[in-house]
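The values are calculated or read from the model by the stated rules, or taken from the named source; none is laboratory data. Keep in mind it's a predicted model, so treat the numbers as computed, not measured. Note that each Cβ is placed from the backbone with ideal geometry, even for glycine, and that neighbours are counted across all protein chains shown. Accessible surface is based on the protein model in full, side chains and every heavy atom, while ligands, DNA and RNA are left aside. Shrake-Rupley method; radii C 1.70, N 1.55, O 1.52, S 1.80 Å.
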Amino acid sequence: MGLNVVNLVGRAGAMPEIVHFESGAVKCKLPLAVNRRSRNSDKPDWFNLEIWGRTAEIAGDYVKKGSLIGIQGSLKIDTWTDRNNPEKQRSSPVILVNRLDLLGSKRD
């Protein structure tokens, strides 16, 4: 049995990047800044979010840079071959979001 669940609350680090595919699918990419609970850390942790479908459309319509959001999803690792060195594999962690909560005030 495996468990792969990620829950985060943080602020959008940029405007959502929305891609519409010919198939009708919608994808949203968005960086999320999450502050640690410790007071010793000035810098946030950054996470790359990937959102699909209707949730991606909602993110595109309502999330702005600096918006406070909560997400639930799972961790995936994107891998690719380095363009400059074809023998080198690169990887990057991405949070595949399945739930998005808009936590800002109604004014936002």
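Points worth noting:
- With a 1.4 Å probe rolled over the protein heavy atoms of all chains, the accessible area of L3, L102 falls in the order L3, L102, largest first.
- The order of L32, L68 by accessible area, most exposed first and with a 1.4 Å probe, is L68, L32.
- Net charge contributed by nearby residues that have their C-beta within less than 13 Å of E50 (K/R +1, D/E -1): +1
- Approximate spin-label separation R54-N98, in nm, with each point projected 7 Å along Cα-to-Cβ: 1.6 nm
- Ligands, DNA and RNA are left out, and with a 1.4 angstrom probe the accessible area of segment 14-108 is 75 Å² per residue.
- Charge sum, other residues only, whose C-beta stays under 14 Å from S74's C-beta, Lys/Arg counted +1 and Asp/Glu -1: 0
- Gain in span if fully extended, N85 to I18, counting 0.36 nm per residue against the direct Cα distance: 21.2 nm
- For G24, the shell of other residues with beta-carbons less than 13 Å away shows a net charge of 0, using +1 for Lys and Arg and -1 for Asp and Glu.
- Carbon/sulfur fraction of accessible area - the chain, other protein chains in place, 1.4 Å, %: 48 percent
- With at most 12 other Cβ atoms within 10 Å, longest stretch of the chain clear of loop GluC sites (Glu not before Pro) (DSSP): 23-86
- Applying a DSSP loop filter and a limit of 10 other Cβ atoms within 10 Å to the trypsin sites (Lys or Arg not before Pro) in segment 14-83 leaves R37, R39, R83.
- Segment 1-19 versus segment 32-108: alpha-carbon centroid distance in Å: 4 Å
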